[in-house]
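Q: Can you keep this structure in mind? I'll have questions shortly.
The values are calculated or read from the model by the stated rules, or taken from the named source; none is laboratory data. Predicted model only: the values in this text are computed from it and were never measured. Heads up, the Cβs are rebuilt from the backbone with ideal geometry, glycines too, and the neighbour counts pull from every protein chain shown.
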Amino acid sequence: MAFPIIERMIETLAGPGAGEVEDLTASDLLALARGSKTAEDRAAAELLQVAARWADLHPPESIHTAASFTVAGCEHEEPIAGPGTPLVAEFCVAELGTVLGITSGSAKKLIGHALELRHRLPRLWAQVHAGRVPAWRARAVAEVTIHSTPALTREAAAFVDAQVAAVAGKIGPAQLDRLVAETIKRHGLAGQDPAADPEDGYLHVDPRHVTIHDEDVHFAGTVRLEAEVDLADGLDLHQALAHRAATLKALGSQESLDARRAKALGDLARTQTALDLFQHGHTSGPDGQALPVAREVVLHAHVDATLSGDTTVFGSTGRLEEGQRLLLLDQLKSWCGDSRTKVTVKPVVDLNQPKAAPGYAIPDRIRELVVLRDRVCVFPWCGRPARGCDVDHVTEYDHDADAEGRPQPGPTHTDNLAALCRFHHRLKTHTAWRYAIIEPGIFEWTSPHGHRYRRDRDGTTALDPPGPGQGPPRIPSPRR
């Protein structure tokens, strides 16, 4: 299938070379910038069409083979957009995601947005492909209508579509939330009589939330959070942070006001009484009983260390599993010394020393080695931390081999194990996706359509595409 708009975009972006760009006039540069942006918008619109068509090719019926049966953990039909949109085969998102270089979750969202726009927001869909509304803005509307609570009926979504299309999609997040709230009110979706409430329908949508973006960790060891709270709660929180920040300054803190307010928010999350008493030299209460541990957050930090005589010398930097980010030793010291934190030091695991165990079960010592070696799910572009993943036998363990006197083809050995999140573990087990260990920590995947990817500690690399006329391999029967 050819995508002329995407091809034209590539030609536009790759048009003048670096030297030629330097020779362009200001007017030429502006024209090139406008053309590049137009090509980018058209390519994004065409990608939505591709995603919708990909869903068309993978309806729930595509899951079933000649014999109709259900196997626990097998693929199932997946609703990824609002009521009234087609269902799709669950695992189809993985291959589209890998060729785009995005996660399966991101591919699922892309397909969901495409189906939502095509089936429930057709006016906005038409404006995207007419070039009047950029794809990113339309996708923002689709994200809201898909996840509205309560869910929008097809008729309610059509009302939103008509209102948004009337202004060519130029609507901000606050206006969109208000529109959806009004839609919920008009269509009686919250269980109330639409004509009975004289107040603003916006009040029927509860926007309160607290979101901590713990998957996006800054190199300084910080994470971003956002919240929407009641006005009274917000004013109380503001007062509490201001008071604590002023207290920290009075106690000698030289940090900025913003840093002290951020630290104060962390203090609120811990046992404040125990923290304050410990800072003033008290480690037990009046009755002599030890104070409870103030901080109970579990972090997995890895810092290189060497022995110098009887002294252990730590490196200045390390790695924090949470967020897969660089860790400074000074940060670790401050976190551990800030409160009565319980610190556990585990033995060093030699990742170059293979380990094996009899039978199918994976002992903790082997699981720990796999977790430390792989760090994340080893499926192409997946970033789920390995500590929360399954440990998979890359070559299937044969439960009947010992009883029948045959060699075990899939031993419980670190050279035959890999970390896979539950979704990609099921994908590997029940579809034609296959992978092999090239060497410990390096994996090569082959998709049902013959695309190949290498996954190692540095990330994912797309290898050679399938050759001309190469079709997808036969899908085997479900495996254990």
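Q: For residues that are among the aliphatic types (A, V, I, L, M) and either part of a loop (DSSP other than H, G, I, E, B) or surrounded by 17 or more Cβ atoms within 10 Å (Cβ to Cβ) (or both), scanning just the stretch 441-480, find the one that is modelled with the lowest pLDDT.
A: Ranking the candidates gives Ile475 first.
Q: Is it the case that Ala45 is at pLDDT 90 or above, under 29 Å from Ala432 (Cα atoms) and under 25 Å from the mean Cα position of the chain (by Cα)?
A: Spelling it out, it is not the case that Ala45 is at pLDDT 90 or above, under 29 Å from Ala432 (Cα atoms) and under 25 Å from the mean Cα position of the chain (by Cα).
Q: Output the residue which, of all residues in the stretch 145-168 that are buried (at least 17 other Cβ atoms within 10 Å of the Cβ) and under 26 Å from the mean Cα position of the chain (by Cα), is nearest to Arg53 (Cα to Cα).
A: Applying the filter and picking the extreme gives Ile146.
Q: Then there is this: Suppose we filter Gly82, Gly73 for residues that are at pLDDT below 95 and at positive phi; which single one remains?
A: After applying the criteria, what remains is Gly73.
Q: Mind counting the residues in the stretch 449-464 that are touching a Lys or Arg at 6+ places or on another chain (Cβ under 9 Å) and over 14 Å from Cys382 (Cα atoms)?
A: The number of residues fulfilling the criteria is 2.
Q: Which one of Gly410, Gly383, Gly405 is assigned to a loop (DSSP other than H, G, I, E, B), in contact (Cβ under 8 Å) with a residue 40 or more places away in the chain and surrounded by fewer than 19 Cβ atoms within 10 Å (Cβ to Cβ)?
A: Selected residue: Gly383, the only one of Gly410, Gly383, Gly405 that is assigned to a loop (DSSP other than H, G, I, E, B), in contact (Cβ under 8 Å) with a residue 40 or more places away in the chain and surrounded by fewer than 19 Cβ atoms within 10 Å (Cβ to Cβ).
Q: Right, Ala432: among the hydrophobic types (A, V, I, L, M, F, W, C), out of contact with any Phe, Trp or Tyr (no Cβ under 9 Å at 6 or more places or on another chain), surrounded by 14 or more Cβ atoms within 10 Å (Cβ to Cβ) and in a strand (DSSP E or B) or not?
A: No, not satisfied.
Q: Give the residue that is farthest from the chain's Cα centre (by Cα), with candidates limited to residues of the stretch 81-118 that are buried (at least 17 other Cβ atoms within 10 Å of the Cβ) and among the hydroxyl-bearing types (Ser, Thr, Tyr).
A: This residue is Thr85.
Q: Suppose we filter Ala67, Ala55 for residues that are surrounded by 15 or more Cβ atoms within 10 Å (Cβ to Cβ) and either assigned to a helix (DSSP H, G or I) or at pLDDT below 80 (or both); which single one remains?
A: Going through Ala67, Ala55 in turn, just one is surrounded by 15 or more Cβ atoms within 10 Å (Cβ to Cβ) and either assigned to a helix (DSSP H, G or I) or at pLDDT below 80 (or both): Ala55.
Q: Here's something else I'd like to know. Looking at the stretch 356-374, can you tell me whether even one residue there is among the basic types (Lys, Arg), assigned to a loop (DSSP other than H, G, I, E, B) and at pLDDT 90 or above?
A: no
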